[in-house]
1. Calculated FRET efficiency, Asp80 and Ser195, Cβ-Cβ r, R0 45 Å, to nearest 0.05?
2. Which order, highest average first, do 84-94, 118-128 follow once you tally other Cβ atoms within 10 Å for each residue and take the mean per peptide?
3. Can you list residues from other chains, or at least 5 along the same chain, whose modelled amide H is less than 5 Å from the amide H of Leu163?
4. Using 7 Å Cα-to-Cβ label points, what is the Arg209/Arg123 separation (nm, one decimal)?
5. Quick check on the range 98-137: take the gyration tensor over C-alpha atoms, sort the square-rooted eigenvalues as a ≥ b ≥ c, and tell me if it's rounded (a/c under 1.5), prolate or oblate.
6. Could you derive backbone 3J(HN,Hα) for the range 76-93 from the dihedral phi with the Karplus parameters 6.51, -1.76 and 1.60 (θ = phi - 60°), listing whole Hz in sequence and x where the residue is Gly or Pro?
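Where a number appears in this text, it was derived from the coordinates with a stated rule and is not lab data. Just so you know, these numbers come straight off a predicted model, no measurement behind them. Counting neighbours? That spans all protein chains shown, and the Cβs are built from the backbone with ideal geometry, glycine included.
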Amino acid sequence: MNIAIFGGTFDPIHSGHLRAARAAARRFELDRVLFVPCGVPPHKVGGNLAPFPHRFAMVALASQGEPGFVPSLLEAPKPDHRPNYSVETAQAVRRMLGSRDRLYFILGIDSFLDLPHWKDYRRLCELADFIVASRPGFGGRGLMTSIRDGQAGKVDSGKESKLLLPRGAGVHVLSGVRAAIASRDIRSTARAGRSLTGLVPPLVEEYIRKEELYRSGRNGRPGREDK
């Protein structure tokens, strides 16, 4: 089987996430895409996130009707509120797979270039191949020629990368997915009471409206943006 982990805060999950997952599923013949909302992101400990049950519910709603898309509780908050680390999630999934099964890890170009700040990212490179969703300003050819095994360099935009990949690491660029959507913009739009049509799946928009998410003082989330 070909299995992919697609992690993130998903605050909220949006149409861009789904387009990237569909494109990855087609190109790499994925049997399952595990959508894994992060309970306690290491980079946002104590941050301004919507509560995990809401974020997981939106992922579950967005996955409805999508063959092979599976909402996962692998990174549900732990009793000790310890941060979730992608390498630990990949290890958990790897243990559930057979020796002939292939594991992928879907992430955006910005997250990929930030890998040196992730816990034990070299181990993560050994556990899974990366599917990197590009965006305008980051060409796939430039990325692959600039960042080679054991080397660091600049990508097309000129952004400096300190990423040193272990020799043999599998990196696949997923180009052609153009979705200039950011979760922070969706939160601002929801806070202003404007329509989210096209930005999130209809069921997710209905949930946000019903639960009054991202409105000032609602659901434990203040009105200001943290980043």
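1. 0.65
2. Top to bottom by mean Cβ count within 10 Å: 84-94, 118-128.
3. Hits under the 5 Å cutoff: Gly153.
4. Label-label distance for Arg209 and Arg123, simple model: 4.6 nm.
5. The shape class here is oblate.
6. Ordered by residue, 3J(HN,Hα) equals 4, x, 8, x, 8, 6, 5, x, 8, 10, 4, 5, 5, 5, 4, 5, 5, 5 Hz.
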